[in-house]
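The values are calculated or read from the model by the stated rules, or taken from the named source; none is laboratory data. Predicted model only: the values in this text are computed from it and were never measured. Backbone-built Cβ (ideal geometry, glycine too); neighbour counts: all protein chains shown.
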Amino acid sequence: MKIGIVGLGYVGLCTAVCLADRGFDIVGVDLDGRKIRMIRKCRPPFYERGLDPLLNRAISTGRMKCSNSYENLKGTNLIFMTVGTPTLRDGSIDLSQVKASAEGLARIIKRNDRFPLVVVKSTVIPGTTGRIVKPILEKQSGKHFGSDFGLCSNPEFLREGSAIEDTLHPDKIVIGAEDERSAKALISLYTSYYSGAVPPLVRTNFAAAELIKYANNAFLAMKVSYINSVARICEKIPGSDVGKVAQAIGLDSRIGRKFLEAGPGYGGSCFPKDLRALIEFSKTLGATSPLITGIEQVNRGQVQHVVSIARKMLRGLRGKRVSILGLAFKAGTNDIRESPSIEVISQLLVHRAKVIVYDPKAVEDTRRVFGRRITYSPTALDTIKGCDLCIIMTAWEEFKKLKEEDFLANMKNAAVLDARRILNFDEFSPRVKFTAIGQGGRINRT
Ligand code: UGA
């Protein structure tokens, strides 16, 4: 079976290489020529754990071909649309890539008489597949949905950093379909892809499938904002620790332990964008919710909070040397989009601190943002040398190994703000000024 993938970002490329590995023939299309050249040379355009070997196999076996022309999609039976949906100024999503790819696909459908199936995987607000994609496909191809071509909404739930694992073993598959033939064709693809062990399948219409994606991400973001709110309370109670609270409430099976790590707030290319889009979308329906808007407000406040703790720890930031460990929005990726770390650095610069940074994967991308306004270090220990404060912003494994002695031996004044809560507070003596998000500090027993 020949499958097309339009848009070779995280979702598109990870989906493509996994399908190729299971024996499907893949045609990838992306308008970014540089990306195509890199992929053809087996070089992933972004860092993603486990992607390298799969991409190598997909290209070297010839199972995956890619180009920047829709023409190469001729002869494909099923085409995934995985283009980006960035945020517009007002918070709503930009559908220009979705519309352009629907137009490109319509040209292919026009010349294909074998019921090609278009599957929208891009995150789009409810109504997009039915009211925007379908009319473009019909109008521009002159063919009819349901009889000449098929259409499904099929949101994805993969995470950066574990995108391959999530693609291979998803918790669920959501299929939004409004005709039997399309639904059957997509279910049949997944049945053969998962060799009979198909993950739980939720079948619904286009709009409900689209909403499920937003509801899923907003719920997870809510858990993060919730625990960050509890963390603020913990910080005011000496001896309390949000980690214990998360552990205890997480043992309630109705709550669960996952996504209860307090920290500098959520970032990345998904949660912030999806929350904003959901808020804007609910406004258009007259169905706004203080709970959903609150998730975003709490998150915005968390970066401010990190900066204000830093200010208090140093009694002002002007001229102070502050090292930042971690730039990526989370460990396991080089992605700095909407990273709390990048926000914190911007704020520190506003307060005229001198900023020195390190990240095992994300330095180059950060250099493009800040240029010479900050200093880039080759290692974690180099970063903290001569500094007044070290802020840990990303939970990379190598930072977890840092010990009290490392800070005492290298820093001008040993002070640590663990915004990711990866170091053990109890292992630090009062010789290091140590603060962690959600940590109420030592109990004064005297
Ligand atoms: C998220 C969802 O988890 C995926 O299911 C979804 O498919 C994806 O968005 C998407 O819409 O494409 P991702 O953005 O890759 O995936 O990253 P997450 O692991 O969900 O983390 C998001 C942010 O929340 C990160 O900044 C992370 O550090 C933060 N987070 C997460 C916390 O601060 N605490 C937690 O307990 C969990």
Subject >> Filtered residue count, the range 386-416, keeping only those that are assigned to a loop (DSSP other than H, G, I, E, B) and over 19 Å from Asp426 (Cα atoms) >> reply: 9
Subject >> Residue check for Phe434: buried (at least 21 other Cβ atoms within 10 Å of the Cβ), without any contact (Cβ under 8 Å) to a residue 24 or more places away in the chain and not β-branched (Val, Ile, Thr) >> reply: yes
Subject >> Condition broken by Gly91, with the remaining ones in (1) of a type outside the set (S, T, N, Q); (2) surrounded by 14 or more Cβ atoms within 10 Å (Cβ to Cβ); (3) on the phi < 0 side of the Ramachandran plot satisfied >> reply: (3)
Original post:
Could you say whether any residue in the range 46-69 is more than 16 Å from the ligand (Cβ to nearest atom), of a type outside the set (Val, Ile, Thr), within 23 Å of Ser182 (Cα to Cα) and touching a Phe, Trp or Tyr at 6+ places or on another chain (Cβ under 9 Å)?
Top reply: no
Subject >> Lone unmet requirement of (1) more than 24 Å from Lys385 (Cα to Cα); (2) away from the ligand (no atom under 16 Å from the Cβ); (3) buried (at least 22 other Cβ atoms within 10 Å of the Cβ) for Ala353 >> reply: (1)
**OP:** For Arg159, state whether it is within 16 Å of the ligand (Cβ to nearest atom), surrounded by fewer than 22 Cβ atoms within 10 Å (Cβ to Cβ) and part of a loop (DSSP other than H, G, I, E, B).
**Re:** yes
Original post:
What is the number of the single condition among (1) polar (S, T, N, Q); (2) near the ligand (Cβ under 9 Å from one of its atoms); (3) in contact with a strand residue (DSSP E or B) (Cβ under 6 Å, 6 or more places away or on another chain) that Asn216 does not meet?
Top reply: (3)
Subject >> Odd one out for Phe219 among (1) part of a helix (DSSP H, G or I); (2) touching a helix residue (DSSP H, G or I) at 6+ places or on another chain (Cβ under 7 Å); (3) over 28 Å from Gly75 (Cα atoms) >> reply: (2)
**OP:** For Asp171, indicate whether it is more than 10 Å from the ligand (Cβ to nearest atom), surrounded by fewer than 16 Cβ atoms within 10 Å (Cβ to Cβ) and over 22 Å from Val83 (Cβ atoms).
**Re:** no
Subject >> Restricting the range 274-288 to residues that are part of a helix (DSSP H, G or I) and of a type in the set (S, T, N, Q), the residue that is surrounded by the fewest Cβ atoms within 10 Å (Cβ to Cβ) >> reply: Thr284
Original post:
Assuming Ala100 fulfils every condition listed in (1) in contact with a strand residue (DSSP E or B) (Cβ under 8 Å, 6 or more places away or on another chain); (2) surrounded by fewer than 16 Cβ atoms within 10 Å (Cβ to Cβ); (3) of a type in the set (A, V, I, L, M) apart from one, which condition is it?
Top reply: (1)
Subject >> Condition met for Ser188 (part of a helix (DSSP H, G or I) and over 30 Å from Glu338 (Cα atoms)) >> reply: yes
**OP:** Would you be able to say whether some residue in the range 331-338 is more than 16 Å from the ligand (Cβ to nearest atom) and touching an Asp or Glu at 6+ places or on another chain (Cβ under 9 Å)?
**Re:** no
Original post:
Within the range 89-99, is even one residue within 18 Å of Glu156 (Cα to Cα) and at pLDDT below 95?
Top reply: yes
Original post:
Counting just the residues of the range 250-266 that are of a type in the set (Gly, Ala, Ser) and either more than 6 Å from the ligand (Cβ to nearest atom) or surrounded by fewer than 10 Cβ atoms within 10 Å (Cβ to Cβ) (or both), which one comes out nearest to Glu296 (Cα to Cα)?
Top reply: Gly265
**OP:** Output the helices (runs of 4 or more DSSP H) that fall wholly within the range 1-88 and possess 1 or more residues being surrounded by fewer than 17 Cβ atoms within 10 Å (Cβ to Cβ), or say none.
**Re:** 33-40, 51-60
